[in-house]
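So the structure is just underneath, and the comments pick up after that.
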Amino acid sequence: MTPTKHNWTTDELLAIYNTPLLELLYQASTVHRANHTAYEVQVSSLLSIKTGGCPEDCSYCPQAARYNTHIDVHKLMTHDAVMQAADNAKAGGSSRMCLGAAWREVRDNSDFERVLDMVKGINEKGMEVCCTLGMLTDKQANKLANAGLYAYNHNIDTSEENYNNIISTRNYEDRLKTINNVRKAGITVCSGGIIGMGETALDRVNMLKTLANLPVHPESVPINALVPVEGTPMANQPQVPSWDMIRMVATARIVLPQTSVRLSAGRMQLNMEAQAMCFLAGANSIFAGDKLLTTPNPEYDTDRQMFVTLGITPKAAFADKAKKFNHPIETV
Ligand code: SAM
Ligand code: DTB
Ligand code: SF4
């Protein structure tokens, strides 16, 4: 295992990010093999349990109420419909179910109680459960932990310097506070960001610097390529070059050696060869299923075929559980 380092400098990260591509790929692959089972990829399914109508102004997001997008807005899904979706996801080979809600933050109301029941129900099916519900207090994080939540997704999205250009209705500090609440509750942390929003390479590496310099590295770091959605301020952003995704994944792998690096939104724009290079660069988890939250994602069968072609096997649920309880911070 590569020991984790928590005092990365911007210059160190930039040097890694700008390493000649094949050398970068080789270095990242070497770190990957020293810390993970090669060719094993964790598969999660995403389900939008509450869609649209969000009061925030995240300029990439089709679910912000203020943008005129064409999504299918709906209130919180029923318990039964969510259980059915979890069964389907498990049958399709997913070990983790991730429930997303278009909330700014969790409120202490009956909807939250219903989400806690969903977490319990999915946990009982032997699947890892992840939620992404917006900001959380420490008490709410504890309730989710007691319901059996395995992971909480809360992205920092970009660098601290670029944050206000993307979102104005909350700040970076708010996001870091929730991540800390999740960590204190003993839930694993999933936090990453998006590339392709007009940020510089410096912003990209500074985002990774924030994650890599946390006292405990997130167990999972999603790297999303922007999915430009009509009606959002980011609608006309050019497509992210595959090479940028590969560089970003490789840099994340080197500075977060023990973390699961998730090749997240944007796979519709990456052909199998580009995805293969991302896996070689250390990506070892994906979202499966034909929909992310509101936008398209490759079909189960397409991914199954890709796994066969590339010789990838899906990772079993709870394979990292023993590791999870080794974090010194969680025993405090
Ligand atoms: N409302 C909660 C929040 O903001 O944390 C949870 C849901 S939110 C949609 C989850 C994440 O999806 C965002 O943090 C962002 O990183 C990602 N996301 C949203 N829209 C996206 C897009 N168009 N392209 C890529 N990633 C996107
Ligand atoms: C993450 O980093 N990416 C996922 C998950 N965490 C919740 C969400 C991607 C959403 C892409 C846009 C959409 O489908 O609405
Ligand atoms: Fe709301 Fe989350 Fe979308 Fe921001 S990213 S608008 S908080 S759903």
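Values in this text are rule-based calculations from the coordinates and carry no lab data. Since the model is a prediction, treat every value here as computed from it, not as a measurement. A quick note on method: Cβ atoms are made from the backbone with ideal geometry, for glycine too, and the neighbour counts reach across all protein chains shown.
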Would you mind getting me the FRET efficiency between Asp290 and Thr137? Use the beta-carbon distance for r and R0 = 51 Å, nearest 0.05.
-> 0.90
Of the beta bridges DSSP finds with both residues in the chain, what % are antiparallel, to the nearest 5?
-> 5 percent
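For the chain, what relative contact order do you get, as a whole percent, if you take Cα pairs closer than 8 Å and at least 6 residues apart? Could the numbers behind the result be given before it?
Numbers: 637 pairs, mean separation 81.8, N = 332.
Relative contact order, the chain: 25 percent.
Would you order His79, His36 from fewest to most other beta-carbon atoms within 10 Å of each residue's own beta-carbon? Numbers along the way, then the final one.
Working: His79 13, His36 21.
Final ranking by Cβ density, sparse to dense: His79, His36.
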Between their Cα atoms, which of Lys90/Lys120; Lys75/Lys139; Lys90/Lys139 are more than 19 Å away from each other?
-> Lys75/Lys139; Lys90/Lys139
Ranked by GNM mean-square fluctuation in the chain (Cα springs under 10 Å), the top entry among Glu199, Glu273, Glu160 is Glu273
With the chain treated as a Gaussian network of Cα nodes joined by springs under 10 Å, which of Thr294, Thr251, Thr78 yields the largest mean-square fluctuation?
-> Thr78
